[in-house]
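The values are calculated or read from the model by the stated rules, or taken from the named source; none is laboratory data. Keep in mind that what you see is a predicted model, and the values were worked out from it rather than measured. In this analysis, Cβ positions are derived from the backbone assuming ideal geometry, glycine residues included, and neighbour counts consider all displayed protein chains.
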Amino acid sequence: MTRQAGPPQQRTLATALPGPKSQELLARKENAVAPGIGVTVPAFAAEAGGGVLVDVDGNSLIDLASGIAVTGVGNADPVVVAAVAEQAARFTHTCVMINPYESYVEVCEQLNAITPGEFDKRSALFNSGAEAVENAVKIARYATGRAAVIVFDHAYHGRTNLTMALTAKNMPYKQGFGPFAPEVYRVPMSYPYRDGLTGPEAATRAIEAIETQVGAQNVAAVLIEPIQGEGGFVVPAPGFLPALSAWCTESGALFIADEIQTGFCRTGDWFAVNHENVVPDLITTAKGIAGGLPLAAVTGRADVMSAVHPGGLGGTYGGNPLACAAGLATISRMRELDLAAAARRIEALAGTRLRALAATTPSIGEVRGQGAMLAIEFVRDGGEPDAALAKRVAADCHAAGVIVLTCGTFGNVIRLLPPLVIGEDLLAEGLDVLETAIREAASEAA
């Protein structure tokens with residue numbers, strides 16, 4: 001692994017968490033910030049880099065979350081910081097639709113080159129993953145002249161009105177925020193641990209639901225995360241994605257890969273669809289694209305992307321020059337450091353340990369994932385989701401100075417998203433803490 005500039009790469013607990021300064025800030029937050037903005041780890045950040053985050057009380061925490069898969073190149077990577085600072089000194093904004101700038105074009109050129117498919121492509125830049133997904137749906141509907149969008153059980157696609165409709169989980173994402181956008185249809189996902197189906201079998205089930213409940217001739221797009229994120233890091237069985245992609249080609253629908261969490265080397269390749277040689281018509285990206293700055297994109301077939309009339313896509317801040325500078329530097333660093341290979345090394349270390357732990361821990365139903373996108377599903381009574389155990393394990397990790405996240409439709413999954421530049425010793429220490437937390441919590445729950 002590559003050592004990053006910044007704070008020492010070690011776990012240090014100077015205080016109990018949260019420390020006194022974080023407690024003061026939490027009180028200020030309560031009086032100033034809308035309570036709908038929750039907090040997972042109540043330690044206010046002061047500095048971060050490599051695989052650690054240092055809080056305002058001097059606690060140094062091992063970061064196995066990367067700001068939800070955003071800081072793959074490490075927080076405050078020096079090359080990214082320098083690129084942003086240089087751009088900020090020249091200009092911070094013009095709005096690309098008023099006065100364009102070269103870095104926007106260059107980001108699009110890079111995306112067109114690295115995303116799957118040898119055909120001619122075009123890209124458009126936005127601010128967030130939800131914006132990218134929403135615009136991908138707009139483009140698909142415009143290009144096909146159809147309205148229906150197919151999504152899947154356990155899916156997460158964002159928090160705007162349309163992307164809430166696309167998202168499966170009610171709490172906390174949808175409760176009380178309806179009515180939602182129409183012409184969104186949900187079908188079963190391939191979830192090997194829970195359905196026991198092969199990829200082709202699960203695809204047949206999903207396609208039959210589409211054809212009988214929606215009608216192939218009405219489908220503008222099938223939208224899917226190649227590995228589901230918030231829904232529990234669900235990895236579809238081999239053959240599921242290729243079968244859906246082939247059906248889209250046959251039916252005239254567009255296949256949209258939501259690679260917002262999986263993209264940019266996270267799964268051991270530039271994009272998760274590459275693992276099965278699936279080539280989407282449109283691909284959405286965000287999170288890991290720009291080292292922490294807000295940047296997102298839709299990239300796809302030139303004929304599809306060019307269907308929309310001039311002015312039909314855009315936004316005041318989309319492809320902001322600072323974000324574009326960060327994006328170009330981040331992509332360069334991913335190539336230079338070969339972070340796809342780094343993700344595979346993380347899987348070899350962490351995945352091996354976690355699967356060995358699962359073999360002796362009945363409370364672990366499954367360890368799954370690809371690359372540096374790994375998850376542990378906790379169960380009881382032969383497969384019933386155990387959200388309480390996942391919550392307890394996460395809390396114990398946080399108290400011990402290791403940042404992990406929970407997820408899953410049932411809230412019973414812990415997900416690991418370490419920076420791709422994390423040192424192996426630091427990762428091993430974080431896994432030691434996680435393993436201890438799992439063993440202790442599982443023993444008490446037995």
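Couple of notes before you dig in:
- Looking across region 105-115, the residues that are more than 17 Å from GLY312 (Cβ to Cβ) and surrounded by fewer than 22 Cβ atoms within 10 Å (Cβ to Cβ) come down to VAL105, GLU106, GLU109, GLN110, ASN112, ALA113, ILE114.
- Search result, residues across region 306-320 that are buried (at least 22 other Cβ atoms within 10 Å of the Cβ) and on the phi < 0 side of the Ramachandran plot: GLY318, ASN320
- When region 5-58 is filtered for residues that are of a type in the set (Asp, Glu) and within 25 Å of the chain's Cα centre (by Cα), the ones remaining, listed by number, are GLU47, ASP55.
- Subset of region 124-157 (residues that are among the small types (Gly, Ala, Ser) and either over 18 Å from ALA323 (Cβ atoms) or modelled with pLDDT under 95 (or both)): ALA136, ALA140, ALA143, GLY145, ALA147, ALA148, ALA155
- Criterion applied to GLY67, GLY51, GLY58 was being under 16 Å from ILE403 (Cα atoms), touching an Asp or Glu at 6+ places or on another chain (Cβ under 9 Å) and of a type in the set (Gly, Ala, Ser), and the one residue passing it is GLY51.
- Matching option when the condition is in contact (Cβ under 8 Å) with a residue 12 or more places away in the chain and in contact with a Pro (Cβ under 9 Å, 6 or more places away or on another chain), among VAL149, VAL235, VAL187, VAL137: VAL235
- Failed criterion for THR92 (all others in (1) over 27 Å from LEU431 (Cβ atoms); (2) out of contact with any helix residue (DSSP H, G or I) (no Cβ under 8 Å at 6 or more places or on another chain); (3) of a type in the set (S, T, N, Q) hold): (2)
- Of the residues ALA147, ALA140, the single one that is assigned by TED's automatic domain parsing to the domain that holds SER245 and within 22 Å of ARG122 (Cβ to Cβ) is ALA140.
- Check on ARG345, farther than 30 Å from VAL84 by Cβ and surrounded by fewer than 22 Cβ atoms within 10 Å (Cβ to Cβ): no
- Test: residue in region 406-418 that is of a type in the set (A, V, I, L, M), assigned to a strand (DSSP E or B) and either without any contact (Cβ under 8 Å) to a residue 60 or more places away in the chain or on the phi > 0 side of the Ramachandran plot (or both): yes
- Options GLU118, GLU102, GLU134; residue that is out of contact with any Lys or Arg (no Cβ under 8 Å at 6 or more places or on another chain) and surrounded by 15 or more Cβ atoms within 10 Å (Cβ to Cβ): GLU134
- Residue in region 78-89 that is in a loop (DSSP other than H, G, I, E, B) and either surrounded by 13 or more Cβ atoms within 10 Å (Cβ to Cβ) or of a type outside the set (Asp, Glu) (or both) present: no
- Elements of type strands (runs of 3 or more DSSP E) in region 1-76, at least 3 residues being in the same structural domain as ALA350 (by TED's automatic domain parsing) and surrounded by fewer than 19 Cβ atoms within 10 Å (Cβ to Cβ): 45-49
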